Amino acid sequence: MEKKQNEQGKPHCLVLSFPLQGHINPMFQFSKRLRHTGIPKITLVTTKFFLKSVQNFPDACFKVETISDGFDDGGMEAVKPEEAYSRCSEYGSRTLAELVEKLRSSGSPADCVIYDPFYPWVFDVAEKFGLMTAVFFTQPNSVNCIYFNAYTKELKLPVMEDRIRIPGGFPVMDRSDLPSFIQDHESDPTRSEIMMEQFRNVQRVDWVFVNTFHQLEQEVTDWLSKFMDMRPIGPTIPSMFLDKRIPDDSQYGLSIFTPITDTCFEWLDNQPIGSVVYVSFGSFARPTVEQMEELALALKSLDWPFLWVVRASEESKLPKNYEEEIRDKGLVVAWCPQLQVLKHEAVGCFVTHCGWNSTLEALSLGVPLVAMPQWTDQYTNAKFVEDVWRMGIRAKTDDKKLVGRAEIVNCVNHVMGSETGREMRSNSTKWKELAREAVEEAGSSDQNIQEFVSALKLKFC
Ligand code: UDP
């Protein structure tokens, strides 16, 4: 009897996410897939500060443990990036080691650690304890490939050329298509180095997972696979929006902000099919006051109704009386259940910052995009949306790096009304089908998950 109970709890995976909405969502969804595929015990590990700041952490689904990143009461933003990074590595390594020891002595030892590459030190701790290691990239392989080339110094920094060919099967890229930490290496070399640290242990780790799917990034994935065992397992969006194989998996289940759900759907239900312009810049971006004003005035002048997510921290950037003035044609909310909104039949296009989750969500639900990248990987995602996947258009910036109101209006009208807009919509529908196929039983992403689970069971059961 005792042996049977032990078998039921093995293999035991620790899943360690980086505490941002855009990193937690895919990591949490990956965990749900692993459990569905046969990992009986998964423990989510997050920071003490993050657990304190999120009311609805889904501990009903998984056991939750915490480590310290050295900022248990917040304040990370107040110190220099290099100090935050080194304090996080130091405290994180020590408290993760304590957690692994605690689990061992409590009779529930961990067998494997799946971790976010923003915490590369996890590998060193796991190696010390002889645990299996898996790194999970929440950014696409196009972006991984650029960072990897910079990490191996194949791509020389700072990038001097305006047009650049990067090894790995890329189209020719403009400098402005590169992640901001590569474009702006000179102005922020520390953050740039920190981003490249993601690749520190990647060729020693047992498994490398990425939130993409093979058909979407075939060439770049095959190229990276020459250097590491690259396994796409995405899109990691709740199963009910794709293959419907995981019962009740209809939402991410964890939100840093409270969604204004009823108001959104009461409003959306009253809009014509395919008419609504949905606008959101995700959980983190902070557009300038000038950019918010251009966007606000563009949306106000559109002939289409719009739903705009403006987080509470950004609300003061809206023009005075804006919400009252647009009441007849638009709705501004502080947060929404984005997946359900994108699935709603009233939504016709998505004006997005091109965060990778938002991009994959739109692609998986067949919604064409107007891309307004703000920083980090969003520029590269926007390039691929426009030129490779052809499911959207990138709004152009002026010489002040601002997207003007006329440009926004043109882009929206183009996607909503033109013949090329119709082509984008039909390409989006094609990607939606391929995304579903990838996660269906025996699809390319599903196979990678199955192989991982089988290997874990073979080794630890
Ligand atoms: N999101 C949401 N409601 C909103 C805006 C965003 O649920 O009103 C979710 C969205 O579905 C996505 C995540 O927040 O899963 C944002 O991740 P992304 O990578 O797009 O951008 P980030 O926030 O990391 O910049």
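The values are calculated or read from the model by the stated rules, or taken from the named source; none is laboratory data. Just so we're clear, the structure is a prediction, and the values are computed from it rather than from any experiment. Glycine also receives a Cβ, built like all others from the backbone with ideal geometry; neighbour counts cover every protein chain displayed.
Summary of computed values
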read-out: Residue in region 116-139 that is out of contact with any helix residue (DSSP H, G or I) (no Cβ under 8 Å at 6 or more places or on another chain) and hydroxyl-bearing (Ser, Thr, Tyr) present; value: no
read-out: Test: residue in region 282-304 that is in contact with a Leu (Cβ under 6 Å, 6 or more places away or on another chain) and aromatic (Phe, Trp, Tyr); value: no
read-out: Number of the exception - ASP229 against (1) at pLDDT 95 or above; (2) in contact with a strand residue (DSSP E or B) (Cβ under 6 Å, 6 or more places away or on another chain); (3) not aliphatic (A, V, I, L, M); value: (1)
read-out: Qualifying position, being modelled with pLDDT under 95 and either within 19 Å of SER364 (Cα to Cα) or in a helix (DSSP H, G or I) (or both), among THR380, THR420; value: THR420
read-out: Region 112-169, residues that are part of a loop (DSSP other than H, G, I, E, B) and of a type in the set (Ser, Thr, Tyr); value: TYR119, THR138, THR152
read-out: Residue under evaluation PHE57, criteria (1) outside any helix (DSSP H, G or I); (2) modelled with pLDDT of 95 or more; (3) crowded, with 19+ Cβ neighbours inside 10 Å, criterion not met; value: (2)
read-out: Within region 302-338, tally of residues that are more than 14 Å from the ligand (Cβ to nearest atom), out of contact with any Asp or Glu (no Cβ under 7 Å at 6 or more places or on another chain) and assigned to a loop (DSSP other than H, G, I, E, B); value: 11
read-out: Residues of region 363-389 satisfying the condition of being without any contact (Cβ under 8 Å) to a residue 40 or more places away in the chain and among the charged types (D, E, K, R); value: GLU386
read-out: Candidates SER93, SER31, filtered to the one that is at pLDDT 95 or above, of a type in the set (Gly, Ala, Ser) and more than 16 Å from the ligand (Cβ to nearest atom); value: SER93
read-out: Counted residues, region 305-356 - those being surrounded by fewer than 18 Cβ atoms within 10 Å (Cβ to Cβ), within 17 Å of THR288 (Cβ to Cβ) and touching a Leu at 6+ places or on another chain (Cβ under 7 Å); value: 0
read-out: Residues satisfying the stated conditions in region 277-295, i.e. outside any strand (DSSP E or B), among the polar types (S, T, N, Q) and near the ligand (Cβ under 9 Å from one of its atoms); value: SER283
read-out: Qualifying residue in region 376-392 (condition: surrounded by 19 or more Cβ atoms within 10 Å (Cβ to Cβ), of a type in the set (Lys, Arg) and under 19 Å from the mean Cα position of the chain (by Cα)); value: yes
read-out: Failed item in (1) of a type in the set (Val, Ile, Thr); (2) without any contact (Cβ under 8 Å) to a residue 40 or more places away in the chain; (3) under 19 Å from ALA134 (Cα atoms), with ILE39 passing the rest; value: (2)
read-out: Restricting region 339-353 to residues that are assigned to a loop (DSSP other than H, G, I, E, B) and more than 8 Å from the ligand (Cβ to nearest atom), the residue that is nearest to the chain's Cα centre (by Cα); value: HIS344
read-out: Residue match in region 373-391 (condition: hydroxyl-bearing (Ser, Thr, Tyr) and under 25 Å from LEU331 (Cα atoms)); value: no
read-out: Per-region count, region 354-399, residues away from the ligand (no atom under 13 Å from the Cβ) and among the hydrophobic types (A, V, I, L, M, F, W, C); value: 7
read-out: Qualifying residue in region 400-423 (condition: surrounded by fewer than 24 Cβ atoms within 10 Å (Cβ to Cβ), within 16 Å of the ligand (Cβ to nearest atom) and under 26 Å from VAL172 (Cα atoms)); value: no
read-out: Any hit, region 176-198, residues being at pLDDT 95 or above, more than 16 Å from LYS401 (Cα to Cα) and of a type in the set (S, T, N, Q); value: yes
read-out: Residues of region 179-220 that turn out to be assigned to a helix (DSSP H, G or I) and farther than 20 Å from THR236 by Cβ, as a count; value: 15
read-out: Selection from region 255-266 of residues that are surrounded by fewer than 20 Cβ atoms within 10 Å (Cβ to Cβ) and within 14 Å of the ligand (Cβ to nearest atom); value: SER255, ILE256, PHE257, THR258, PRO259, ILE260, THR261, THR263, PHE265
read-out: Residue within region 380-403 that is touching a Phe, Trp or Tyr at 6+ places or on another chain (Cβ under 8 Å) and farther than 28 Å from ARG165 by Cα present; value: no
read-out: Some residue of region 159-178 being out of contact with any helix residue (DSSP H, G or I) (no Cβ under 8 Å at 6 or more places or on another chain), of a type outside the set (Asp, Glu) and buried (at least 19 other Cβ atoms within 10 Å of the Cβ); value: no
read-out: Criterion (within 15 Å of GLU294 (Cα to Cα) and assigned to a helix (DSSP H, G or I)) met by exactly one of VAL409, VAL403; value: VAL409
read-out: Count of region 207-235 residues which are surrounded by fewer than 19 Cβ atoms within 10 Å (Cβ to Cβ) and within 19 Å of VAL453 (Cβ to Cβ); value: 1
